[in-house]
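Just below is one structure, and these are the notes that go with it.
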Amino acid sequence: PYTTLFRSVGQDYARAFLWYAKAWQQEEDKDAKASAANNMAYMYDKGLGVKHDIRKAASLYREAARSGLLDEKTNLGIMICNALQNSGVTSIKKGSRDYALHQEAQKWLQDALEQAKREHNSEFIRTAQEGLDRLSGITIN
């Protein structure tokens, strides 16, 4: 029921966020809880209905990705990839914080790519591969 909430409340993102938060706190179904966390993360990531907060977005994306759902794993990998690129990272030193983020993004996107291939999901195959290609453009020292 909560996955269609975004459409049912129209453009009232603040209200939608409250419903997702309620679902996330109360939902017992693992996949539904992950979906609510993913939607809240997206809203924090984009500043929809809530103040833009990349740390809260990352935390919720990580929680959602651990559920094993394809969308959630892909979103986390792409968000980290975007954060690295938006901060102008072109070269990373092994052992640095950026290196850890790069490795995390690579792990989630590779996992998403493999799952998308098993599920014959061409949209997620393309998205995960594009993220991995963008990460491969960052030099590791």
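Just the accessible area per residue of segment 1-111, please: how many Å² with a 1.4 Å probe?
55
Report the GluC sites (Glu not before Pro) located in segment 33-141 that are in a DSSP loop and have at most 16 other Cβ atoms inside 10 Å of their Cβ, or state none.
GLU119
What order do LEU135, LEU18 take when sorted by accessible area (1.4 Å probe), most exposed first?
LEU18, LEU135
Lys/Arg Cβ at +1, Asp/Glu Cβ at -1, dipole of segment 14-141 taken about the Cα centre: which of GLN129, VAL89, MET79 is farthest positive-ward?
VAL89
Quote the charge dipole size of the chain about the Cα centre in Debye, to the nearest 20; the model charges only the Cβ of Lys and Arg (+1) and of Asp and Glu (-1).
400
Amide H neighbours of ILE92 under 5 Å, at least 5 residues apart or on other chains, H built in the peptide plane: list them.
THR139, ILE140, ASN141
Cβ under 12 Å from TRP108's Cβ, TRP108 left aside: what net charge do those residues give with Lys, Arg +1 and Asp, Glu -1?
Its environment carries a net charge of -1.
Could you pull out the pairs from LYS73/LYS117; LYS22/LYS56; LYS22/LYS73; LYS22/LYS46 whose alpha carbons sit more than 18 Å apart here?
From the list (LYS73/LYS117; LYS22/LYS56; LYS22/LYS73; LYS22/LYS46), the Cα-Cα distance tops 18 Å for LYS22/LYS73; LYS22/LYS46.
The values are calculated or read from the model by the stated rules, or taken from the named source; none is laboratory data. Note that the structure is predicted; figures quoted are calculated from it, not measured. Backbone-built Cβ (ideal geometry, glycine too); neighbour counts: all protein chains shown. SASA here: full protein model, heavy atoms, side chains in, ligands and nucleic acids out. Shrake-Rupley method; radii C 1.70, N 1.55, O 1.52, S 1.80 Å.
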